[in-house]
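Here's the structure we're looking at; comments come further down.
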Amino acid sequence: MDNARTDLMQQIDADFNTYSGASTGFETRIAAEPCQLSDQEIVGCADRYQTIKLFQQHVIEVFRASLQGEIDPAVSEGILGDIIPCFGKAFHLQLPDAAWSTPVFFRTDEAALGQLTEIQCSGSGWDLAQTLYECYQNNPQQFGQPQHFTRPLAENYATALKTHLGADPLVHHLADNASRPHGVRYFLQKARQHGVRYMSYDEEATAKSCNFVRSHDFFSILHHNFYQDRLQRCQNGEVSFDLPPVAVFDSKLIMAWPFWSKTRQYFSDAERALFPFTTVIERDGMEWEDGNRISIDQFASISNNQRNYFVKYAGTDVAVNWGSKAVFSARSMSGNKIRAHMEDVVKDITTGRPWVMQKSVLTNATVPSLCPETGATESVTGNAKWSCFYGPTGHLGLFAMYRNHHKVHGSEETVISIAY
């Protein structure tokens with residue numbers, strides 16, 4: 001048993017529990033070294049920020065234009081198809097211009113660097129990157145000195161937020177619907193060390209004084225008792241929403257818009273290049289990479305090796321669209337099984353619930369992992385996923401996950417590291 005390394009794991013657990021108020025510990029495995037990325041790769045992540053922001057701005061413009069009848073109504077109907085009517089078209093049409101902003105902070109999921117399979121606003125995982133940074137910083141004999149990021153993520157977030165607001169941040173973070181609320185609380189406490197003040201923790205941050213509202217989904221913004229006041233103050237320039245109170249950024253459907261014939265013209269080649277090929281699944285099939293259409297039956301009839309795609313629920317139902325619950329590998333299914341599954345998808349589509357198909361991009365990697373029980377280094381091979389954290393000043397940090405599964409997300413077997 002490597003006592004120094006088991007002490008390190010205990011150190012991580014103690015830090016996480018102390019600041020989150022939890023007793024769970026860190027709940028995942030860590031790599032024995034930082035994520036190995038070149039200066040050029042880190043620069044590439046930073047350079048992509050402007051293209052992502054342009055994509056988000058075009059998404060807003062396309063969605064509003066469709067709502068207002070200026071382009072095909074099917075575009076906005078895809079976003080609003082499974083939303084309860086009171087938050088549908090009429091609700092969005094009455095929103096003031098000030099509400100139609102792009103997300104302030106967000107996290108990407110990238111199956112290969114530069115190939116975004118999702119943009120999460122604001123997304124989980126900020127606490128994981130923060131915990132690892134402090135672990136690395138406190139244990140230079142194991143992890144060396146920082147090469148890419150000289151400050152932890154919470155400090156970068158605090159600095160970017162102050163720049164965005166032009167004032168001291170007074171934040172209301174709606175954490176109840178986060179996938180890991182204790183992780184949010186951990187990151188919140190670390191941000192407080194850098195001057196961010198939070199409602200329910202700091203006397204300066206009251207319901208009437210908060211100037212920044214964070215949420216993990218569109219509906220949570222609407223379902224708290226300060227929403228109407230915040231919306232009015234947003235029009236007066238007194239409040240900024242991290243995730244704007246519009247449904248569009250909760251949907252995976254927008255990743256298909258740069259490719260879809262109804263919306264392709266509104267997006268540049270650079271925006272298209274952000275994503276693996278993604279197509280809207282329609283009742284009679286899909287537009288394919290070669291520009292032709294393919295039927296559901298044709299897709300189910302091709303061989304597994306050619307069926308290298310993920311089928312993803314693309315709507316805003318938070319009971320379905322989080323944690324890869326409704327993400328399926330078409331390649332892993334037999335022809336009969338994928339045909340039956342696609343029949344269920346089409347039934348969903350007829351009720352207004354949107355689905356997309358996205359080309360599978362998998363990057364296999366082998367990383368050294370620390371065994372939580374013994375501290376020994378173990379070699380772990382699996383698929384990688386990189387996540388970049390962005391804010392109004394650009395690229396704030398990066399962490400990576402490795403898991404022996406086609407869906408890479410946090411679990412007790414997942415190994416994580418950060419660019420340091």
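The values are calculated or read from the model by the stated rules, or taken from the named source; none is laboratory data. Bear in mind the structure is a predicted one, so any value in this text is a computation, not a measurement. Counting neighbours? That spans all protein chains shown, and the Cβs are built from the backbone with ideal geometry, glycine included.
When residues of region 36-73 are filtered for being in a helix (DSSP H, G or I) and either of a type in the set (Val, Ile, Thr) or more than 18 Å from the chain's Cα centre (by Cα) (or both), how many remain? Please lay out each step first, then the result.
Step one: list which residues in region 36-73 are in a helix (DSSP H, G or I), which gives 39-67, 73.
Cutting the leftovers down to either of a type in the set (Val, Ile, Thr) or more than 18 Å from the chain's Cα centre (by Cα) (or both) gives us 39-44, 47, 51-52, 58-67, 73.
Selection size over region 36-73: 20.
Condition first: touching a helix residue (DSSP H, G or I) at 6+ places or on another chain (Cβ under 7 Å), under 30 Å from Thr278 (Cβ atoms), surrounded by fewer than 20 Cβ atoms within 10 Å (Cβ to Cβ) and in contact (Cβ under 8 Å) with a residue 12 or more places away in the chain. Can you find one or more residues in region 123-143 that meet it?
no
Do we have any residue at all in region 299-307 that's outside any helix (DSSP H, G or I), crowded, with 18+ Cβ neighbours inside 10 Å and either among the polar types (S, T, N, Q) or at pLDDT 95 or above (or both)?
no
Being outside any strand (DSSP E or B) and surrounded by fewer than 21 Cβ atoms within 10 Å (Cβ to Cβ) is the filter here, so list the residues in region 104-121 that pass it.
Selection gives Leu113, Gly114.
Pairs only if they're at least six apart or on different chains, beta carbon under 7 angstrom, first in region 295-309 and farther than 16 Å from Ser360 by Cα, second of a type outside the set (A, V, I, L, M) and surrounded by fewer than 14 Cβ atoms within 10 Å (Cβ to Cβ); list them, first residue then second.
From residues that are farther than 16 Å from Ser360 by Cα, the pairs are Ser295/Asp284.
Say we look at region 250-290 and pick out the residues that are part of a loop (DSSP other than H, G, I, E, B) and β-branched (Val, Ile, Thr); which of these is surrounded by the fewest Cβ atoms within 10 Å (Cβ to Cβ)? Step through it out loud before you land on a result.
To start, the set of residues in region 250-290 that are part of a loop (DSSP other than H, G, I, E, B) comprises 251, 257-263, 267-268, 273-277, 281, 283-284, 288-290.
Filter once more, so that each one left must be β-branched (Val, Ile, Thr): 263, 281.
Working: Thr263: 25, Ile281: 23.
Here the residue is Ile281.
Could you pull out the residue among Ser20, Ser66, Ser76 that is polar (S, T, N, Q) and touching a Pro at 6+ places or on another chain (Cβ under 8 Å)?
Ser66
What pairs come up if the first residue lies in region 38-66 and is in contact (Cβ under 8 Å) with a residue 24 or more places away in the chain and of a type outside the set (Ser, Thr, Tyr), the second is surrounded by fewer than 16 Cβ atoms within 10 Å (Cβ to Cβ) and assigned to a helix (DSSP H, G or I), and their beta carbons are under 8 Å apart, counting only those six or more places apart or on different chains?
Listed pairs, sorted by first residue: Leu54/Ala270.
Would you tally the residues in region 43-89 being closer than 30 Å to Ser417 by Cα, in contact with a Leu (Cβ under 8 Å, 6 or more places away or on another chain) and surrounded by fewer than 19 Cβ atoms within 10 Å (Cβ to Cβ)?
Selection size over region 43-89: 2.
From the list Thr150, Thr159, which one is in contact (Cβ under 8 Å) with a residue 24 or more places away in the chain and either surrounded by 20 or more Cβ atoms within 10 Å (Cβ to Cβ) or closer than 15 Å to His395 by Cα (or both)?
Going through Thr150, Thr159 in turn, just one is in contact (Cβ under 8 Å) with a residue 24 or more places away in the chain and either surrounded by 20 or more Cβ atoms within 10 Å (Cβ to Cβ) or closer than 15 Å to His395 by Cα (or both): Thr159.
Just the residues that are under 20 Å from the mean Cα position of the chain (by Cα) and part of a helix (DSSP H, G or I), please, taken from region 170-218.
Scanning region 170-218 gives Pro181, His182, Gly183, Val184, Arg185, Tyr186, Phe187, Leu188, Ala191, Phe218.
Give region 224-252 a look and list any residue that's in contact with a strand residue (DSSP E or B) (Cβ under 7 Å, 6 or more places away or on another chain) and among the basic types (Lys, Arg), or say none.
Scanning region 224-252 gives Arg230, Lys252.
So which residues in region 388-405 are touching a helix residue (DSSP H, G or I) at 6+ places or on another chain (Cβ under 8 Å) and either small (Gly, Ala, Ser) or more than 21 Å from Gln120 (Cα to Cα) (or both), if there are any at all?
Within region 388-405, Gly391, Gly394, Gly397 meet the criteria.
Answer yes if at least one residue in region 314-329 is under 28 Å from Pro73 (Cβ atoms) and at pLDDT 95 or above, and no otherwise.
Looking for residues that are under 28 Å from Pro73 (Cβ atoms) and at pLDDT 95 or above, one finds at least one in region 314-329, hence yes.
Table: residues versus (1) surrounded by fewer than 23 Cβ atoms within 10 Å (Cβ to Cβ); (2) within 30 Å of Gly88 (Cα to Cα).
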| position | (1), (2) |
| --- | --- |
| Val361 | yes, no |
| Asn364 | yes, no |
| Thr377 | yes, no |
| Val380 | yes, no |
| Trp386 | no, no |
| Gly391 | no, yes |
| Ala400 | no, no |
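Please state which of the following conditions Thr24 fails to meet, knowing it meets all the rest: (1) part of a loop (DSSP other than H, G, I, E, B); (2) more than 30 Å from Cys135 (Cβ to Cβ); (3) touching a residue at least 40 places away in the same chain (Cβ under 8 Å).
(2)
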